[in-house]
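What follows is a set of notes on a single structure, which appears directly below.
The values are calculated or read from the model by the stated rules, or taken from the named source; none is laboratory data. Values in this document were obtained by computation on a predicted structure and should not be read as measured data. So basically every Cβ, Gly included, is an ideal-geometry build from the backbone, and we count neighbours across all protein chains shown.
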Amino acid sequence: MIYTCTLNPAIDLFIETDHLKPEVVNRTNSYDIQPNGKGVNVSFILKDLGIDNTALGVGGGFTSKFIEESLQKEGIKTDFTHIEGISRINVFTRVLENDTEFKQVNNGPEVSSQKEAEFLEKVAQIKKGDKLVVSGSFSKGIAPETIVKISQMAKEQDFDLIVDTSYPEVVKTLPQNPYLLKPNNEELASWFDEDGTSDLDTLVKYSKKLIAKGAQNILLSIGSKGALFVNKEQVLYGNAPKIKVVNTACSGDTMLGAFVAGIEQKLSLKDNLKRSIAAASSTASVSGLTDFSDVNVLMDQIKITEMEA
């Protein structure tokens, strides 16, 4: 079984408007309300690709109820830890007159130590051979060090841990040999106290350092430059197709969900990376998640090349 984990879920409100001016009423052209949170998105992508999964999370109020019901509607099992308070609502505004995007991301409610322990009890039930995808930020009250606790549980329980979070504490999971890390280029550089870079050779160097310290696989998103896959045996690079960007908020989640699905479907690494980049690009071209209708077309623009390992 594959489990996803969202420790700070959200409802995302996407708005399109001609202009955004201060101290006046700005009328919108359209809006869309979507369940969100990085692990939630991974669950949707996995299910769209035919992979059953269970969504774990920590949430409260009507927003959490909406998120859970949306997952269940798609046939995804949920097992959330319920807390006091209301899970957050984020706002993403696309302004047409100057083609800009504003992202307003809120904090979630605070999680008590008792509720964190209740969540970790669910992780303790994950079995050998299962996969757990931990994605996104953590709610207030859940320390970034929790990812280290989860990595230790993964080692002890012999399940595969997949991590997509920007916290520098991710580096502390390396002795536990996490199965897959999915940073973006800026996050990767920050783990080595460097400024963000999109230079491929530098990113490969940093990725190899993570592998040398214990990570089994690295899937690295590089925005408009595409993505890298790195492990001990090989280094693969795939360019990004040309698209009109609408919203980039969920593209990394799409890449990860598609890649995990490809592992389950036993795609070759090259085919898996190509489809994952195409799916991520498709998501970036719409207001929500891809419906995969244009993924095959986008794949035709992507070339996977093998770099020196």
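Per-structure values
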{"read-out": "Residues located in segment 54-87, provided they are surrounded by 21 or more Cβ atoms within 10 Å (Cβ to Cβ), out of contact with any helix residue (DSSP H, G or I) (no Cβ under 7 Å at 6 or more places or on another chain) and closer than 20 Å to Ser287 by Cβ", "value": "Thr63"}
{"read-out": "From Ile15, Ile51, residue being of a type in the set (A, V, I, L, M), outside any helix (DSSP H, G or I) and either crowded, with 24+ Cβ neighbours inside 10 Å or modelled with pLDDT under 95 (or both)", "value": "Ile15"}
{"read-out": "Qualifying residue in segment 25-35 (condition: modelled with pLDDT under 95, polar (S, T, N, Q) and within 30 Å of Leu120 (Cα to Cα))", "value": "yes"}
{"read-out": "Pick from segment 111-127, criterion surrounded by 14 or more Cβ atoms within 10 Å (Cβ to Cβ) and either in contact with a Phe, Trp or Tyr (Cβ under 6 Å, 6 or more places away or on another chain) or not hydrophobic (A, V, I, L, M, F, W, C) (or both), ranking: nearest to Ser151 (Cα to Cα)", "value": "Ile126"}
{"read-out": "Residues within segment 151-186 that are within 12 Å of Leu219 (Cα to Cα) and assigned to a helix (DSSP H, G or I), tallied", "value": "1"}
{"read-out": "Test for Lys209: is it over 26 Å from Val297 (Cα atoms) and of a type outside the set (Val, Ile, Thr)", "value": "yes"}
{"read-out": "Filter result for Ile45 (of a type in the set (Val, Ile, Thr), closer than 18 Å to Thr254 by Cα and not assigned by TED's automatic domain parsing to the domain that holds Gly214)", "value": "yes"}
{"read-out": "Considering residues of segment 91-117 that are among the β-branched types (Val, Ile, Thr) and in contact with a Ser or Thr (Cβ under 7 Å, 6 or more places away or on another chain) only, the residue nearest to Ala249 (Cα to Cα)", "value": "Thr93"}
{"read-out": "Which listed residue is at negative phi, touching a Cys at 6+ places or on another chain (Cβ under 8 Å) and not acidic (Asp, Glu), from Asn26, Asn41", "value": "Asn41"}
{"read-out": "Test: residue in segment 111-119 that is modelled with pLDDT of 95 or more and farther than 20 Å from Gly85 by Cβ", "value": "no"}
{"read-out": "Number of the exception - Ser224 against (1) of a type in the set (S, T, N, Q); (2) without any contact (Cβ under 8 Å) to a residue 60 or more places away in the chain; (3) out of contact with any Asp or Glu (no Cβ under 8 Å at 6 or more places or on another chain); (4) surrounded by 15 or more Cβ atoms within 10 Å (Cβ to Cβ)", "value": "(4)"}
{"read-out": "Tabulated pairs, segment 154-175, first not assigned by TED's automatic domain parsing to the domain that holds Asn217 and surrounded by fewer than 17 Cβ atoms within 10 Å (Cβ to Cβ), second hydroxyl-bearing (Ser, Thr, Tyr) and assigned to a loop (DSSP other than H, G, I, E, B), C-beta under 8 angstrom, 6+ apart or interchain", "value": "Ser166/Ser137"}
{"read-out": "Among residues of segment 40-53, those that are within 17 Å of the chain's Cα centre (by Cα) and more than 18 Å from Asn8 (Cβ to Cβ), counted", "value": "7"}
